[in-house]
Amino acid sequence: NTTIYYQLFDSNVNQWTTGKSYKTAPTETTDNFSFLAIGDSRSGMNIWNQVSNLAHSKEADFTVFNGDIVNNGGSVTDWDDWFSNGQQFVENNLVFHSMGNHDASSVPTYLNIFELPLSQPTGGTELYYSFNYGNAVFISLNSEDPSNDAQYNWLVNTLQANQNKTWKIIFFHRP
């Protein structure tokens, strides 16, 4: 329940960015929070720009992004466009991603771009993970690898470890 203020140093122009901020999670006993669920910005950068500006104007505690962030996960231009068109939102909001089929075209690029939580104590990876927020557990699954036994076993263990949570919310790209 703390506001973190930060700046980034841009070595290309040898200067600091303007100040940014985001708020950390409330205490685990909270039962009052809000979040946004969005996804599939893919190749619609004009629409993503509108959605990100609208999302930024909302006072949600965080966002879950349900994959297909870009059209081609291996394209630096696609990622640059996504960050540029969602700059205000991305710089000031906590976002948890799940990978979509278009992002999966370059898993190493995806993993290099985002720092996603590793689930404790049940393990997980950055491609499937969980986090607790207030009285809820949020579980991100990798729908691009649905027959992965390790992911399935991890999911079962995660649900068992979080039986006391009021809410169990699972998010992923493809149903």
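The values are calculated or read from the model by the stated rules, or taken from the named source; none is laboratory data. These figures come from a predicted structure and were not determined experimentally. Virtual Cβ from ideal backbone geometry, glycine too; neighbours counted across all protein chains shown. Areas reflect the complete protein model, heavy atoms only, side chains present, ligands, DNA and RNA absent. Shrake-Rupley method; radii C 1.70, N 1.55, O 1.52, S 1.80 Å.
Below are the figures for this structure:
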item	result
Some residue of the stretch 54-70 being over 17 Å from Val90 (Cα atoms) and either of a type in the set (S, T, N, Q) or in contact with a Cys (Cβ under 6 Å, 6 or more places away or on another chain) (or both)	no
Where Phe171 falls short, out of the listed (1) under 24 Å from Thr29 (Cα atoms); (2) open to solvent by 40 Å² or more (accessible area, probe 1.4 Å); (3) within 14 Å of the chain's Cα centre (by Cα)	(2)
Enumeration of residues in the stretch 72-89 that are surrounded by 19 or more Cβ atoms within 10 Å (Cβ to Cβ) and not small (Gly, Ala, Ser)	Asp78, Trp79, Trp82, Asn85, Phe89
Cross-chain or 6+ apart pairs with Cβ under 6 Å, the stretch 1-28 first and at negative phi and aliphatic (A, V, I, L, M), then modelled with pLDDT of 75 or more and open to solvent by 90 Å² or more (accessible area, probe 1.4 Å)	none
Ala60 vs. criteria surrounded by 13 or more Cβ atoms within 10 Å (Cβ to Cβ), on the phi < 0 side of the Ramachandran plot, touching a residue at least 60 places away in the same chain (Cβ under 8 Å) and in contact with a Leu (Cβ under 9 Å, 6 or more places away or on another chain)	no
Subset of the stretch 97-138 (residues that are closer than 22 Å to Tyr22 by Cβ, over 13 Å from the mean Cα position of the chain (by Cα) and among the aliphatic types (A, V, I, L, M))	Ala136, Val137
Output for the stretch 115-137, where each listed residue is of a type in the set (D, E, K, R) and either over 21 Å from Pro26 (Cα atoms) or open to solvent by less than 60 Å² (accessible area, probe 1.4 Å) (or both)	Glu126
Enumeration of residues in the stretch 138-165 that are within 20 Å of Thr30 (Cβ to Cβ), among the polar types (S, T, N, Q) and open to solvent by less than 90 Å² (accessible area, probe 1.4 Å)	Asn162
Tally, over the stretch 9-28, of residues that are under 22 Å from the mean Cα position of the chain (by Cα) and surrounded by 10 or more Cβ atoms within 10 Å (Cβ to Cβ)	8
Exclusive hit being of a type in the set (A, V, I, L, M, F, W, C), at pLDDT 90 or above and under 12 Å from the mean Cα position of the chain (by Cα), set Leu141, Leu94, Leu155	Leu141
Qualifying residues in the stretch 29-48 (those that are open to solvent by 50 Å² or more (accessible area, probe 1.4 Å) and within 20 Å of Asp78 (Cα to Cα)) - the one farthest from the chain's Cα centre (by Cα)	Asn46
